[in-house]
Structure formats: C-alpha cells, structure tokens
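The values are calculated or read from the model by the stated rules, or taken from the named source; none is laboratory data. These numbers come from a predicted model, not from an experiment. We place every Cβ from the backbone using ideal geometry, glycine too, and count neighbours over all the protein chains shown.
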Amino acid sequence: MSDFSEELIRPKTEDDQEESCLFSGTGMSFPWLQKHIGTVATGGKKEKDFAQTTNACLSFIQEALLKHQWQQAAEFMHSYFQILEDSDSHKRQAAPEIIWKLGSEILFYHPKSNVETFNTFADRMKNIGVLNYLKISLQHALYLLHHGMLEDANRNLSHAETWRYGEKSSSQEVLINLIQAYKGLLQYYTWSKKKMELSTLDEDDYAYNTASQNMLNHSWKTSVNLCALIQTPGVWDPFVKSYVEMLEFYGDQDGAREVLTNYAYDEKFPSNPNAHIYLYNFLKREKAPREKLISVLKILYQIVPSHKLMLEFHRLLRKSEKEDHHKLGLEVLFGVLDFAGCTKNITAWKYLAKYLRQTLMGNHLAWVQEEWNSRKNWWPGFHFSSFWAKGDWKEDKALACEKALVAGILLGKGCRYFRFISKQDDEVLRKKIKQIKKSVKKHSIVNPGL
Amino acid sequence: MDFPSSLQPTLFMTGPLGLSNVPDMSFMCSWRDALTLPESLPENFKNEAPHLATGLLWEPETPGPLPLLPPGPDPWDPGVTAQDLLFRGAFPFRRRPQAVLDVTEQLSRFLWDHGDIAFAPLGKLMLENFKLEGARSRSKKKTVVSVKSLLQDLGGHQPWGCPWAFLSYRQRRFSIIGGPVLGKSVASLLGELLHEELAMRWEQLLLDDAFTGGALAWVPGRTPQVGQLVYPAGGALDTLCFQEVRLPPGGHPQALGDPGHIQLRGPVRQVVTRTVQGESLLAVRSDYHCALWKVSKQGRAAPLQVLQVGKGATGISLSPHLPGELAVCSRSGAVCLWTPQDGLQQVYKDPETLVFCDPSPWRWADFTAHPRVLTVGDRTGVKIVDTQGPPGCGLLLFRGGAEASCRRGERVLLTQYLGECGPEPQLPTLHLICTQFSLYLVDERLPLVPMLKWEHNLPSAPLWARLLPPPCPGCPRPLLLGGQGGHLQLLHLAGEGASAPRLAGPPQSLPSSSDSLSAFPLLEPKSQWRLQERLKAPTIGLAATIPSSASEPVLSLFQLSAAGDVFHQHLHLQADPGPHSRAPTASWTPQATACCSRWLKALLDVPPTPPVWAAPTFSHRRLLGCMEQRKVEQKGPEGLRAAMAAGRLLRQKDVGSPPSAGPPPAPEPGPEDELSARLEAAWQGRMAAWWERQQGRSSGPGRQPKRRKRRTQLSSTFSSLSGRLDLSDATSPPHSPDRASPEARPRPPVTPPSQESTQELWARGVPSERQQTLRDYMARLPLRGDAPRGVRSPLSGTSSVRATRSRPQTLQDGAAELPPRRNTRRGAAVSSSQTSSVRATASRQQALRKKPRMGF
C-alpha cells in the first residue's frame, strides 16, 4: 500500500535541476514541502555537510538581504563562494547565477560599494560559468547605463554582442538581439544629443555638414541594431519609440509606418496599448485622414476604453459625417465614465452633458436608451448617489453641475444627485443651475413625452 | 486614465509553464526595478541616477510582535503534523527524500485501536458462522467456529511479527478461510477510504486555502486613532469578535474594553471590510455560508443578509465601487454577483480550470476598475469577465505559462484587485497575483504581461496581501504580503499614472510571532514547548493600518493566528537614514516583556487540550478470565530475544530446564459471561450501550463487593503488590497518559526489565505437561502486548493473580519481570536493544498485522 501512496506523491519527473521544489500529486510544487519531509525523514541519502553549510549560508544571505543588512550579507557571501567547488555538478552549474543574483544585489545597495567594485565583480562573474555571460553582460550594461556611464555600457554591449558559445540556441539569439537593441538605444541617445547640437547650429555652417554626416552614420547602425529585436514578440516600447523617431527624422515615413503597424497589429505580440498610441501619434503627425485615425483609435477603444485618448477619439467621431460614428461617439463617452479612475474627469462629463443634449436634439433617443439600459441599474449608485452629490459639490462645483445635468437627463428630475445640486444656493452658479434645470426639463429621457 | 507612456522591455512568449529555453527576463533582482532607462534626454542622466530609495525601511519597534489580547479560554492543539502522516522509514536509494503517505501504519493503528468499527459489520455478516457460547458442545456444521476456543488459541497474543510463532490448526483454518474475506474487505474498503482521507489531510497540511484572503479585518473608526478589529474567536473560530482598538500616536495599540461578539453557525474563514461612499460593510465567509453586515458610524454591526453556498464558498470580495455589492465564488466553479437588494446573479460558471487542468476546486473573484467587470481566478490563471456580456467569454488577465515566465508547478494562490474607491484612486487598474514563488502585478489594460514580477521566496503559502496608502505624500505605497507560517514581507510600490509600477527599494521582511519567543521568560520544558507551539501557530489573518494623523509615519500591523491570538507590531518609516548609518536593532522594552509575561500567565492558566483520542484499555484477556495463567521466568525471554536477534528457532536449551506446573485452572464462569455478553453486544453493534452498562455495573453496588472480595484476597496474599494494583484503574474509562502532552511521546515503557533474582522462577513446580504450553507462550512473549502502553496494571494484575495461586512468593518478581511491552499504538522506541530488534522485525512484517482479528 505504501507503494500505491508513493505513486500519488512522487514527483512527475526526475528532473534534477529542480532540487529545491518538490511536487505533490496535483502537479503543484511546494517550496515548503522539503521542510515537512525534513521533520520525518530519518534515513535515506543524507545531505553532506558541505551542502548543509552552503544551504545554511544561502538562507543567511537571503535573510540579511531582506533585513537590509548589506554588510552582513556581504560577509556571508564571502563564505558562500565555496559552492563553486561543490562536487554536485548540478549545483555547481547553478551556482554562478545565484552568486550573481545575490552578489549584484548586495553591491547595488551596499553603502560602501561603488561602480568600480561592481565592475570588477561583474567582469569576474561573466567568466565563471560561460552560460551566464550574456545575461550578466546585459545587466552590467544596464547598471552602467543607469549610472550614466554610456560609453562603458556601450563597450560592454559591444563585447557581449560578438560573444558566441557553442551552437547558437534560441535563447542565446534572443539575448543577443536584446543586447544589440540596447546598443541601438545607446546610439540613439548619442544621436539625439547630436540632433540637439545640430538644432543650435546654423545650416550654412561648416560644422553642420559633418554633424549631419555623423548622424546619418549613427542612424544606419542603429537601425541594424534595433531591427532584429522588434520583430520578436514582446514589449519593446523604448526601442520602437527611438527607432521610429530616427526613421522619421530621415524621412523614411513608410519604414516607420511599417514598424509601427507591425508592432501594433502583429498577433504574436501582446495587445500593448502603447503600440496603438504610438501608431496614432505617428499618423497624427503625418496628418493622416480622419478615417484612418478613427480606425486606429477604434482598436485602442476596444483594448483600453478608459484611455485619455478616448476623449480625442470622441471629438474625432463627433466631427465625422457618418451617423454610426456619432453613435460610437456617445458609446465612447459612456465607456470612459464607466471606469473607477475616470469618475472625476470633468472633461468627460462636460462632453457627455453636451453630447447627450445634442443627440437627443438630433432625435436619437434610441441611442441614449441603448447605452443607458446596461447602466441604469448601477450608474445611479456609482455616480449619482447623494454621497457623491455632497462630495462633488464640496470639492468641484463645476464637476457637480455637469454631473447633475447628466443625472437629470438620464434619471429625471427626481434623482437624488440632481435634486441635491439644484437645491444648492450659490451666487456664482445660480444662473448655470437654472440652465441645467431647464435642459433637464427639456431633454430628460425619463418622460420624453413632456 | 493615463497609461504608462513607455513600458519595461519584456519578451513575450506563449507556452506552458516552465518553458526552459526562454531567457527569463525576470532573472534580475529587485534592483532591476530601480534601473530606469533614461527616457528623455541624455543630459538628464546625472540628475536621475541617484534617485533611489535605498534607505527606505520600515523599522519594527520591537524584535517581534506583541500579543494584543489575552489568550482565549479554549485550549489549542496544532493538529495533524507531517510526522503523523508520512512514512518515517527510509528509502535507501533515493537521491532526495520524498513524501510517502504512511497508510499501512495508519491502517494498522486503526485496526488495533478501533477494531470494533473495522470488523463489527463483518462480524455481523458472519454471525451465523460463529458460535459464541457453550464452548464444549461440538457443532455438526463445519462452517461454525467456536469463538471461545479461537480466542483461547489466540491466547491474547497476536503472533504477528514472529514468523516462527505457533499457530493452532484452528487458527490456521480460520486464517485461511476467513483471511481473504476479512483481509480484503477491510484493507480494500477501509484502506481506500483511509488513503483518500490521508491524502486530503496531507494536501491540507501542504496548503490550507480555506483562509485565503485572511480572517482579520480593520474597520476604521470615526477618528484615525480608533478602529475595530474584526476576527473569529473560540475553539471552532465560530464567534465573530469586534474589538475596539485605540492607536495612540507613538504608542502601542490598546484594546478598549471587551470585544462584542456574534455567534455564528460555522467557522469563519474570511473577513472583508470596505468603506464605500462613506458606508462601512463587513462580509464574512464561512465554509458554506456568506454573510454581510453594515457597520454603523458608532461601530455597531447590523446584519444585512446571509447566503448559503451549497457546494462551499471559496472566496468573497466586496466591491470598491458600489456599496453592498459582493462577488462570491463557490467550489462548483460558479461566480456570482451578490447584492442584498437584488440577490444573486450568476456571472460565470465553469467547473474546469482556465488554462490547464488542475484538480483544485479553489476559485476566486474580485473586482476591477470597471464596476461591471470581475476577475475570476483559479490555480491556473485569472480571467476578466464582463458580467453584462455573453456568459462564458472573457479575456485572460494572467496565464500560468511562459507569458509570465512561470516555473514548473507554479500555481496561483491569491489574486487581489489593488485599486480602491476614493477621491483619487491610485493604481486603479492593477491586480496582484501571488503564486508560491513569485508576486506579479498585472495591469488589466495589458493582460498577460506582468508589469512587475518579484520572487518573494516565502517559506509558506502567501495567502494574504494588503496594499496601504502612501505614508506620506510622494512616498511609495507599502504592500504587505503574508504567508501562512506567519512570514511577512513588505514591498515598496511606486509608480502611478504615467509611470509603470516598480519597486522602490529592496523589499524587506518583518518579524513573525515566533520571533517574540525571546520576550517571554524561560519556562520549564513542557510550558516552553506549549508556548513555542502557540507562537508557531499558523497565521490566518492580517490587517494593517497607517494612522494618518501621526507626525511620523507609523504602520500598525495585526496578525491573527489559528490559535485565536491577535499579535500586533508597530513600524516606523526610516525615510533616508543616509548611506552609512546602519539600521538600529530593536530591543525589548520592559513594557513589552511585561505584556508578554501577563499574556503567558493567562495562557498557562488555560487547561491544556484534552486528548483527541485515547486508546481503549479493555483487553479480552482480562475479560476472558479462562486464560491460562503464566509464570514468568527469566531465562525464557532472554533466550527468546537471543533467538530472535539471531533469527533462529527457539530450542529447548534456550529456555532452560523444563518447567513443571500444575494442571491448568478451571475457567471462572463470571468473566466468561461477561465476554459473551460483550461479544454479543459487539455483534449487534450495541457495543457502546454495553460499555455504558458495564461501567455502570462496575461502579454500581452489585458489582463492587465481588471485586472487592477478589481484591482483598489479592492484597492479603501479595501485600507488597497492592500498592501498584489499583483495581479502580481497571474499570476507569480509557485513558492513555501519553496523549496529554505530545512532547512526551517517545517515552520508554513503564518498567525496564529488572535483572533480579528470579532465575529459579519457573524451574520450580512446573509440571511436565505444561512445558510445551509454556514454551509456546514464551515464543510469543516479547511480541505480545496489544495493550496500550502505560495501562499495564490491569493486565499484569490478572496474569499475576493466576500465576501466584500456586507460587505466591514469586509473584512480586514476576509482575516486575514482565518483559518490556512493545508499544503498538505509537511505535515508540523501547529502551532495550532486544525490543528494538523486535520492532524492526515487526515493521518488516507489517502485513502480518493485518491478519484477521476478531472484532470487538
């Protein structure tokens, strides 16, 4: 029977790389399972003293890190290096990555650490366990970049770029692409610096020519560097942004459009709102026809109906000649105000109040009712409760007025929000409130016959 | 709403969990988040670079949390541990130890201890094949067995463990015929059920998800300094308590008065509170019920509605947008939107898991930035579901897979919406997703791609998280992550609006209640152990608050343990201690130790847990008074032990010179009647009634004189023994002392064998015709003892009574000479080496133990 139960509990595979986590019958792994077994297991292959001390040391380091005791962590780290001599080859191979992870963290926060120490450590670590060379180089470069040492970072990346080990695996390829892209980004920084310098120079100047020549060189190199990565599915906002900026600068509008379209519409990529925003901004700069802009924003609307560009989208739709665009314009406004983060957006409320009146005047009561039907059971509590009436009036009277108008139109004169605002006596807003009351009387959808 | 204008570069890979050849972009550490790509112009580098909150640290005031409330009146027991469930032996050729459920051990324990339950139904079925009375009369039918003779043969000793033990033909026949029936039905039926139960308990021990979300909540009061803690109390956690707590600026929280309480019908698993539009609501989840209260400004709770969840509720959350709206999910895979006014609306139902197949019925639901859109989560992923859209459709927000570079075996343990209602909602679109390895922050506008990933490495399951408001304007927000083992981690979360969320500074760990042990005075071991267990009790709830009025930011943190204790700690924000200053180590203040001592005193006043279960002490040997009496001799057991150690047969010379004995005494009629009455009751399943009756009779006047007579006879003959022989013990309800305190478990048996002058014990006066019987008896001797340890007096009493009829002067030694009894119930180590070798044999031969045994 014990064999039977063993079957239930035993790990799914004999994967040696995952020493630390054990699996239960459900396939879930429990990092704390080892602890439970440890209280029971009396025999079997005992851990060697060496493994015991290194494990203990590792947990001390982790504990010290979580308590921000960098000094102590560094001291423990000193002893932890013994793991590099572990007789267990799996552990020995996994060690450099752990050492890098912990070591870099200590050196990043240690009060006495500086860039030189970090550099020395990184350079050593790169050559212990060849498999981590690319990863460490990349992080090292990022560290330097973060500390403003662009040239060192660039040199590092260039070294890493040419590094090869064995067969080129897919993960290596991605990492090399990433390294090249960061290199491209660095080149972009120099380029944009040059661009700034150029803008200060006179076009007739002799220096202008050389500078612009320089820039051309850079651009060509950068495009090579950035191209490969942004074909790979992922989120590459900074790279795409800088690449497009350079392409645009040199008048390669088609290239830029292609990059952006691919970034936004390739199905292998995650649905990144920024991809659509970049494309929209590009098309706007390009002065693309309204239809085109609307079609881009329509997709953004589907992904992020709460985005601030939606108000712009609404304006575009309002200006459009098409009837269904007008309908969509109303939908977009309602959509924006559905979200918790947008409830205080006075522009949205202003637009909605105005557009509701406009729509109702245009005899499109059905559109309003269609939108309202799905919201009538929760908008009153969400937007138009007496709590919000009091709060809005206290904080932002203009917002309260806009909301009151919308509430009046959608819910009728009896609604609490409208009643509260209309009862307020305010010198400045008296005229406005009167207008609101009039509009509500005229447009309210609650009793359209009157 | 703003969307971060530029996101961190991330590789996007689709695929299953643990895809190994993907370069894990999150291989970087916490400092990765501190790195910012120079966004705008290279000139700004120098200004931006040093913007790093390295000194961001919440400094605990004391080295560990302090008890807030006196311990409850109910004792607490840690319950089942890994030791109770797992096989303790070793697998010699394993690379690493593995968890193996010890079903055999549990089953045999069960058969020994609850034979009546295991075998009585079978006995009932086979009633016609047994003859209970009239031992001497022979039945014509071959299929009828006389119980009495069978029992006589058994002699009260199970010959298991010793392959050379003597078996009578009757026993043999019975074993062969009855074995398949008894063995199979019990082992297969019971074994399967037991295995199922054990597997369930083991899973529960590894991960008890009932308390996901936490059963402790903080309801803010009218002023920032006062609030209420809401938590379950009582041994069954079925009393909901409302404890008012004052947070004096700079001082420790004080409990104001006694807590108000509401008695519920089931254990409280989750307590949630929210203040939406000025209305404080309190939702409680029990196993099969959910309830909603409204908390008035004065702090009084008024019940609104109770909901019954037939399949069992797994999660409840309160809407941050609309007052009185809840999301409830059940084990059946259904998620409902619940409002007291409109009742239930089923939003989603799918008994299958989202991404891949996982057997866990755990489901979770929470709200999103859109009040009509919910997240629905299970162990494999999280989905966004529009309650107004067509049923069943939705978008995956998080996928346990390569998208988030999840590890193999990684599962979602908690999902939480981090946005909240307020005038300026911060992070209104972020969701926290916790697995046993990592923590993910996912923006609902960019599904599948985590905005932040942090490997928390908590040594227990993270089942609760609390996001707190920024302690000061512009400060990062503290995000508390709590593990079941009391482990706490605090992350500093920065980035709102147009910047992506990131960690500002390295996360830190906070002390857990077991760190408080040093604040308590040193105790004697038993109490110390009790205190330790109490402090180690798993956490079931977490609440935290930052009283806004304090001049310096202070974080008050409360933790509820499964034992019902509320511990609190107090943390100060060390904004920027400078590059070289070291964090001062907290120390115990006299007030803190005084507080702990008071609490400890109250704890030790609580009576310890009554034993969950005690072994029955009755034995059929005592009841079956006809059992032959033995004289115990010294050489026999020794020779036997030697023979067993060497694994050879016991020979004549091993047991010494042939003993002589008188004819076996005639059975006493009284106890025999008792036996048949009892057996009859057992067959008819009225054992409990019999026992009651028996107890009543034994304490009643009719029974007493007879006993007393026997007793006086005994004590007059063996006066020296009477001190030990307490007959009231024999009839008192079963009680085993070792259950009282688990630390006393590995106790050696009561009497170590004394090696005193008893050599001539059975050399004298054993008639030759008894020699064989005696030898047989000897052969089984060290292995016998189905009697639970520590209750030897009745047994030794009776056997010595019989033995000493002929040889009164040797009995005293004989009684003391009984070989050490193997403790079958606990399997504890026995002091002498011989018996441990016996043990080894016994465990090898565990199958033998499953031999058919009569049901009692």
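All but one of (1) modelled with pLDDT of 80 or more; (2) in a helix (DSSP H, G or I); (3) among the small types (Gly, Ala, Ser) hold for A:GLY38; which doesn't?
(1)
Just to be sure, is A:ASP254 farther than 29 Å from B:SER499 by Cβ, out of contact with any Pro (no Cβ under 7 Å at 6 or more places or on another chain) and at pLDDT 90 or above?
On the way: farther than 29 Å from B:SER499 by Cβ: yes; out of contact with any Pro (no Cβ under 7 Å at 6 or more places or on another chain): yes; at pLDDT 90 or above: yes.
It is true that A:ASP254 is farther than 29 Å from B:SER499 by Cβ, out of contact with any Pro (no Cβ under 7 Å at 6 or more places or on another chain) and at pLDDT 90 or above.
Quickly run through region B:503-526 and pick out the residues that are outside any loop (DSSP other than H, G, I, E, B) and surrounded by fewer than 21 Cβ atoms within 10 Å (Cβ to Cβ).
Selection gives B:SER509, B:SER514, B:ASP515, B:LEU517, B:SER518, B:PRO525, B:LYS526.
Looking at region A:124-151, which of its residues are without any contact (Cβ under 8 Å) to a residue 12 or more places away in the chain and either in a helix (DSSP H, G or I) or within 11 Å of another protein chain (Cβ to nearest Cβ) (or both)?
Correct list: A:ARG124, A:HIS146, A:GLY148, A:GLU151.
Report yes if B:VAL347 is of a type in the set (A, V, I, L, M, F, W, C), assigned to a strand (DSSP E or B), buried (at least 21 other Cβ atoms within 10 Å of the Cβ) and over 30 Å from the mean Cα position of the chain (by Cα), otherwise no.
yes
Out of B:ASP358, B:ASP366, which single residue is touching a Ser or Thr at 6+ places or on another chain (Cβ under 6 Å), within 30 Å of B:GLY400 (Cβ to Cβ) and not in a strand (DSSP E or B)?
B:ASP358
Name the residues in region A:334-347 that are part of a helix (DSSP H, G or I) and within 11 Å of chain B (Cβ to nearest Cβ), would you?
Listed by number, the residues that qualify are A:GLY335, A:VAL336, A:LEU337, A:ALA340, A:GLY341, A:CYS342.
Within region B:571-596, work out how many residues are surrounded by 13 or more Cβ atoms within 10 Å (Cβ to Cβ), modelled with pLDDT of 80 or more and within 30 Å of B:PRO525 (Cβ to Cβ).
Qualifying residue count, region B:571-596: 6.
Just checking, how many residues over region B:381-415 are touching a residue at least 60 places away in the same chain (Cβ under 8 Å), over 16 Å from B:VAL449 (Cβ atoms) and not in a loop (DSSP other than H, G, I, E, B)?
Within region B:381-415, residues that are touching a residue at least 60 places away in the same chain (Cβ under 8 Å), over 16 Å from B:VAL449 (Cβ atoms) and not in a loop (DSSP other than H, G, I, E, B) number 2.
Does A:GLU105 count as within 11 Å of chain B (Cβ to nearest Cβ), surrounded by fewer than 19 Cβ atoms within 10 Å (Cβ to Cβ) and assigned to a helix (DSSP H, G or I)?
no
Tally up the residues in region A:164-186 that are at pLDDT below 85 and either within 10 Å of chain B (Cβ to nearest Cβ) or within 26 Å of A:ASP86 (Cβ to Cβ) (or both), please.
Residues in region A:164-186 being at pLDDT below 85 and either within 10 Å of chain B (Cβ to nearest Cβ) or within 26 Å of A:ASP86 (Cβ to Cβ) (or both): 9 in total.
Going through region B:433-443 one residue at a time, which ones are closer than 30 Å to A:PHE387 by Cα and surrounded by fewer than 23 Cβ atoms within 10 Å (Cβ to Cβ)?
Correct list: empty.
Condition (residue is touching a strand residue (DSSP E or B) at 6+ places or on another chain (Cβ under 7 Å) and either of a type outside the set (Ser, Thr, Tyr) or at pLDDT 85 or above (or both)) applied to region A:270-292: is it met by at least one residue?
yes
Suppose we keep only residues that are small (Gly, Ala, Ser) and within 22 Å of A:LEU300 (Cα to Cα) within region A:223-254. Which one would you say is nearest to the other protein chains (Cβ to nearest Cβ)?
A:GLY234
Among the residues in region A:348-369, are any within 14 Å of chain B (Cβ to nearest Cβ) and not small (Gly, Ala, Ser)?
The answer is no; no qualifying residue exists.
Got a sec? Which strands (runs of 3 or more DSSP E) wholly within region B:416-471 have at least 2 residues that are out of contact with any helix residue (DSSP H, G or I) (no Cβ under 6 Å at 6 or more places or on another chain) and at pLDDT below 90?
The qualifying strands (runs of 3 or more DSSP E) are B:452-455.
Could you go through region B:390-407 and let me know if any residue there is of a type in the set (S, T, N, Q), within 11 Å of chain A (Cβ to nearest Cβ) and crowded, with 20+ Cβ neighbours inside 10 Å.
no
In region B:202-232, what residues are assigned to a helix (DSSP H, G or I) and more than 12 Å from chain A (Cβ to nearest Cβ)?
Kept after step one, since they are assigned to a helix (DSSP H, G or I), are these residues of region B:202-232: B:202-206, B:209-211.
Result: B:ALA210, B:PHE211.
What are the residue pairs meeting all of these: first residue in region B:454-481, first residue within 14 Å of another protein chain (Cβ to nearest Cβ) and farther than 19 Å from B:PRO220 by Cβ, second residue of a type outside the set (A, V, I, L, M) and not in a loop (DSSP other than H, G, I, E, B), Cβ atoms under 6 Å, and 6 or more apart or on different chains?
B:GLU455/B:SER438; B:HIS456/B:GLN489; B:LEU458/B:GLY483; B:SER460/B:GLY483; B:PRO462/B:CYS434; B:PRO462/B:GLY483; B:LEU481/B:PRO462; B:LEU481/B:GLN489
Residue-wise test of (1) assigned to a helix (DSSP H, G or I); (2) modelled with pLDDT of 90 or more; (3) surrounded by fewer than 20 Cβ atoms within 10 Å (Cβ to Cβ).
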| site | (1), (2), (3) |
| --- | --- |
| A:ARG315 | yes, yes, yes |
| A:GLU321 | no, no, yes |
| A:VAL332 | yes, yes, no |
| A:TRP349 | yes, yes, no |
| A:GLY381 | yes, yes, no |
| A:LYS394 | yes, yes, yes |
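Just checking, how many residues over region B:290-314 are at pLDDT 90 or above and in a strand (DSSP E or B)?
Result for region B:290-314: 15.
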